[in-house]
Amino acid sequence: MINKNFKDNWLKILRFNTNREILEDPENVKEYFRIPLTPISINANLLYQFFELLYPKFINDQQHILDIILMDDDKKNMVQNLYLYETRKAGIHETVKSLPPNIIKIKSLEPENLDELFDKAQKAIIKEFNIQISSIRLFRKETIELVNNYCERIEEISVYEFLEHFLDLIQKLINQDLVYIYPEPIIIKFLRSSLVLLDKIQLQNLFKIIEEIIPEFDLSLLINASDVKIIIHLQKQLSKFKKSHLAIRFLTPPELNLNLNNLDIKENLNLIRRILKTEKVYYVNQNDIISFISDFFELAVPLKKENLLFLLQRALFGFRSFENHWDMVPRPKIYNTLIRFIIRLFGFNINLKKLSHWSIPYIIFNFIDFHFGLNSKILFIITDQEKSKIGRVSRNNIFKNLCNHIFLLKFEESSLKKIYTINKDELFSDKYELLYSIKEKVTKKYGYISAVIIFDKFLLQNIIKYFFFSDSKFLFYPWFKILKMFKNEKFFRIYPEFPFYKLIKKKRTITILKLLLPLLIDKHEF
Amino acid sequence: MNCETTFFMFTHSKSKKTEVVISKGNTPKESLLKGIEQLGGISKFISNDDNVFIKFNLNLPAGFPTNTNFDVLEALIISCKEAGANNIYLGSFPLRGIPLKIISDLLNMKNYFETLGGELIFLDNSDTLENKNINQDQLKKIKSESLSLLQINENEFFVPTIILNSNKFISVNQINVNPLFKLNLSLLNIYSIIPPRHQVIGKNAKENISNDQYKKNLISNILDVYEIKQPHLVINDLFYILEGAGPYIYKDSKIKRTNLMIIGDNAIAVDKVTLNTLNIEIESSELISQANNRNIDVPKLSNIKILGEKLEDIKTPIELCVSELEDIKTRSFSIHSGNICSGCFKQAYHLLNFMKTYMEKDLKYNIDNAFLIGENPPEPNKANNYFLFGDCAIKNTKNYKFRKIIIKSKKDLIQEAKKKILKESKSKKKPKIKEKQNKKILELPGCPPNFFNCLELIIKYFGKKNVPNLNLLTHINRLWIAGDLNNKLKIWEEL
């Protein structure tokens, strides 16, 4: 029996979806549901639009779905329950019919023969109901138990807790083969291969690391499409005790009494900024986002260099298309023509609209290939210098105590094949640990290590803050600050030091900037 | 040598086939250990208290597969130790102008081998060159102590004494494609036991381009060096092969996994089996065919006993390097080759591949370049810039049309207009034609030109702003190929 809260919410959604067509003004509906499996409440019509848009793109773009709930393997027929969703539009679940389980017989579940099972189910449903299903979703008995446990306190938990639990649920469902969808959607394929790549790394831990690195923010996002406009309000705040508080709200313009039919995007964004009182408001096109995410999920894992290169080129192209494919208010100073002109007089050409999206990925990957080779192992250590500031670290074993996370990345044939996580205690045994001895210890266990790279959390936070959130009042400051931090051993270290890093350390920041900017920015202003 | 020994060797070689093993494993280490085991175990090659010298590929301070796979070296060092070897030395001469000390520091090799129980030998004495107080006489003494002069077939070679004195000599060779010899065979790996300066082919040899005397002399030298000290164990590592463009990592390079290793005690036999495995005709290898003409033990393929995998089952065709420079397809470049010697071909191959890989933006900024190389290259069409690569191209194109540009004097438009208004007859004066020296020519002298000098000349010709990629790269290069250590290495080489 599925969790009551989950079931009630799901039935409400189905009811709304069935009746939506007869509603007079669905855009102004004041009904709210929870997004299934989340504590996030959302306007009913917006949820409908999400399903309409995302389900066909990422799961299945055909009509009618059959859910099969399975019992243990040793039964004569594993089928416990059958639920048929007749969908007039792909992805829009409207009615659900419980079917007698004996119309399909499954003696054992063989994941490699799901096509046969699908044919069998399709024939049975056509025979009984004259409906051609396009997809089957199989859930084991344990899946229901796991989902029930997960849903127990779902309405009460914070967004942070939800993300942690949700990623854990996904990992368990895939690793323990508790869910199958046939035909298998690209998103499941991607997740399955990514989990192999991540080895024993828990997704929830990975989320914690990423969350730690992202600085505080308060922003809203206007996602625009021809028929629908969605406003997402995102917040991250840190409490006095450095505890993270995340918030996410999905809104529609009518909910905020906004009329966004004005063609001036900046004006619309300013309006949202005023009402939601956020620091920044971004504008993005729905199709651009969907196409990028879709390309991301289509990435074959292990990640091949060519695919990553292409994706990075696309991401950089997106970044340089400011005021074309995306926009934001307040307008970052870096785009001010007069300021750029004055700075150019001093010999610095910073025009992010001329970012060399086509050449930067080549430069990066060629450097990596040359220095680390096509097969390599690189040890990444993330430290947290802040710990020493607030006196949480004992002077003994200081490096060990500052060290937050350790990863070993294994590249083979120019592809990222595996990411291992390494326990601190494996690396640090002596009081005064040198980088060389750390490398030696990892080498003994995993083979020759090409390099040990140490990033401090503060450096990573600053990179995101300045370059992704454009969070600076001064044009030059971020570039100088980041380069200076790279020179400082407290925030960045690489062992052995390869020539490019030696150059960064040896030369003045201005000289490095003068060397790098022509590589990052195209020369011609046409 | 007495008659009895000769008779024994004759009957022995006749009765016993040369053994070569083709081993396959899931990891390079597994392939290596399995192969050695199939040959009779490491103790067949290494005895108690042996001093072993392992010659591996060490070209540049770069990652795998530019250099030998360190995991393979690790497994081999441990095996030698287990067999009771007293000292395990490892070494190689890198490319010319690059001190071994710099590569060792960048790859952290010295410490790495020490922890395994081996010792990296600085064959170029670059570890002692760091000492600021060292003078020329001391340098000379160090060099004479570490290198021995040997004469083979009327040629003189300096060979590291430590290699000559070692009881056992092992070659561990990473198989990559090679522009001159199709593959980096173990014979080429063994050739770099002599200092890079002595690997250079003399000028008189290059003058006879039509029969490629350069390559002939190079092959002769390679075989001479092979005769000096033949390895006791030869490992051709083709677990991963760099194909397409090689032997260094370029844009067109691809890595191919075969899971194979070919091991034996005769370098030529191992090379022959390697060629065969990779579907390359043995007869097409000039190195092997020249070895046949010498008094070297060159076993026929039919006389090689192949252990492990069956040759027919594991044949793997690979994509070799281009044989024509025109096929490198470097952006904004049209290549015009005349008769080229192998020396110039090799350098131009590396330069063009380097530009294609690391100068993407520079080539986009500087379009329409003609690259002329060799004796009597074809006259290029009109181009923005002309690159003359090597002494031959510079010398032979002195009278080419592109050397001069023709400038027609501009019409005096005002005078023409006046005459039209006054309805005067048109002047019959022909526009003046002037011939000027074309300054858009970049000469890259040398026979063959030095790679790093070429880069410096290119940046000087175009200007820093027009070649941002190369500008950064030369700044980086200057850090490791133009320091005090490098200057001392040059002095050391000249002594």
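General remarks:
- Flag if A:ILE463 is within 14 Å of chain B (Cβ to nearest Cβ), surrounded by fewer than 19 Cβ atoms within 10 Å (Cβ to Cβ) and not charged (D, E, K, R): no
- B:GLY246 satisfies every condition listed in (1) assigned to a strand (DSSP E or B); (2) within 14 Å of chain A (Cβ to nearest Cβ); (3) touching a residue at least 24 places away in the same chain (Cβ under 8 Å) except (1).
- Identity of the residue in segment B:479-489, closer than 15 Å to B:ASN131 by Cα and within 20 Å of the chain's Cα centre (by Cα), that ends up surrounded by the most Cβ atoms within 10 Å (Cβ to Cβ): B:LEU489
- For segment B:390-403, filtering for residues that are under 16 Å from B:LYS439 (Cα atoms) and surrounded by 13 or more Cβ atoms within 10 Å (Cβ to Cβ) leaves 5.
- Residue among A:GLN80, A:GLN49 that is surrounded by 13 or more Cβ atoms within 10 Å (Cβ to Cβ), in contact (Cβ under 8 Å) with a residue 60 or more places away in the chain and over 24 Å from A:MET1 (Cα atoms): A:GLN49
- Test: residue in segment B:71-82 that is in a loop (DSSP other than H, G, I, E, B), touching a residue at least 12 places away in the same chain (Cβ under 8 Å) and buried (at least 22 other Cβ atoms within 10 Å of the Cβ): no
- All conditions in (1) touching a Ser or Thr at 6+ places or on another chain (Cβ under 9 Å); (2) at the interface with chain B (Cβ under 10 Å from one of its Cβ atoms) hold for A:TRP358, with the sole exception of (1).
- Taken over segment A:353-382, residues that are assigned to a strand (DSSP E or B) and among the aromatic types (Phe, Trp, Tyr) amount to 1.
- Scanning segment B:21-79 for residues that are within 14 Å of another protein chain (Cβ to nearest Cβ) and basic (Lys, Arg) gives a single hit, B:LYS29.
- Looking only at residues of segment B:292-340 that are in contact with a Gly (Cβ under 8 Å, 6 or more places away or on another chain) and not in a strand (DSSP E or B), we find that the one that is nearest to B:GLN230 (Cα to Cα) is B:CYS321.
- Scanning segment A:2-34 for residues that are touching a residue at least 24 places away in the same chain (Cβ under 8 Å) and not in a helix (DSSP H, G or I) gives A:ILE2, A:ASN3, A:PHE33, A:ARG34.
- Boolean, A:PHE370 is without any contact (Cβ under 8 Å) to a residue 24 or more places away in the chain and crowded, with 16+ Cβ neighbours inside 10 Å: yes
- Among the conditions (1) free of Cβ contacts under 8 Å to residues at least 24 places away in the same chain; (2) touching a Cys at 6+ places or on another chain (Cβ under 7 Å), B:ILE373 misses just one, which is (1).
- Test result for A:PHE455, assigned to a strand (DSSP E or B) and more than 13 Å from every other protein chain (Cβ to nearest Cβ): yes
- Under the condition of being outside any loop (DSSP other than H, G, I, E, B), more than 23 Å from the chain's Cα centre (by Cα) and farther than 21 Å from B:ASN189 by Cβ, the residues counted in segment B:88-125 number 3.
- The residues in segment A:102-143 that are assigned to a loop (DSSP other than H, G, I, E, B), in contact (Cβ under 8 Å) with a residue 24 or more places away in the chain, within 19 Å of A:TYR85 (Cα to Cα) and out of contact with any His (no Cβ under 9 Å at 6 or more places or on another chain) can be counted, and the count is 2.
- Options B:ASP252, B:ASP297, B:ASP313: the member that is within 14 Å of chain A (Cβ to nearest Cβ) and surrounded by fewer than 19 Cβ atoms within 10 Å (Cβ to Cβ): B:ASP252
- Selection status of A:SER193, under 23 Å from A:TYR466 (Cβ atoms), touching a residue at least 24 places away in the same chain (Cβ under 8 Å) and of a type in the set (Ser, Thr, Tyr): no
- Which numbered condition B:ARG478 misses (of (1) under 30 Å from B:SER144 (Cα atoms); (2) free of Cβ contacts under 8 Å to residues at least 60 places away in the same chain; (3) in contact with a Leu (Cβ under 8 Å, 6 or more places away or on another chain)): (3)
- Single residue of segment B:460-478 satisfying the filter (within 14 Å of another protein chain (Cβ to nearest Cβ) and surrounded by fewer than 17 Cβ atoms within 10 Å (Cβ to Cβ)) that is nearest to the chain's Cα centre (by Cα): B:ASN477
- Failed item, numbered, when B:GLU286 is tested on (1) within 30 Å of B:HIS350 (Cβ to Cβ); (2) of a type in the set (Asp, Glu); (3) at pLDDT 95 or above: (3)
The values are calculated or read from the model by the stated rules, or taken from the named source; none is laboratory data. Everything numeric in this text was worked out from a predicted model, so none of it was measured. Cβ atoms come from the backbone with ideal geometry, glycine included; neighbour counts cover every protein chain shown.
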